[in-house]
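Rule-based calculations on the coordinates, nothing more; no lab input. Quick caveat, the model's predicted, so the values are computed rather than measured. Here the Cβ is made from the backbone with ideal geometry for all residues, glycine too, and neighbour counts use every protein chain on show.
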Amino acid sequence: MFEHFFQCPYCWEDISMLLDVFVSNQKYVEDCEVCCNLIEITVIFEEEMLISFSSVMLAHWQANRTAC
Ligand SMILES: [Zn+2]
């Protein structure tokens, strides 16, 4: 597994997540452990190297929750 650190697009806190390097195209929806908003994560690996990582606000998600 590959641990990747990124910033929440809502609260900018550092978050880490574990990625499977053997899956070339990955898409996840994670909730931020700090602000609980949903983050859409797209990951591309090529020959076990991380090529692309994007974390964006989930479309259509109302970012108005204040507590978990
Ligand atoms: Zn957050």
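Couple of notes before you dig in:
- Applying the criterion of being more than 16 Å from the ligand (Cβ to nearest atom) and in a strand (DSSP E or B) to the residues of the stretch 8-34, the residue that is surrounded by the fewest Cβ atoms within 10 Å (Cβ to Cβ) is Leu18.
- Reported count of residues in the stretch 35-62, each being within 13 Å of the ligand (Cβ to nearest atom) and over 13 Å from the mean Cα position of the chain (by Cα), is 2.
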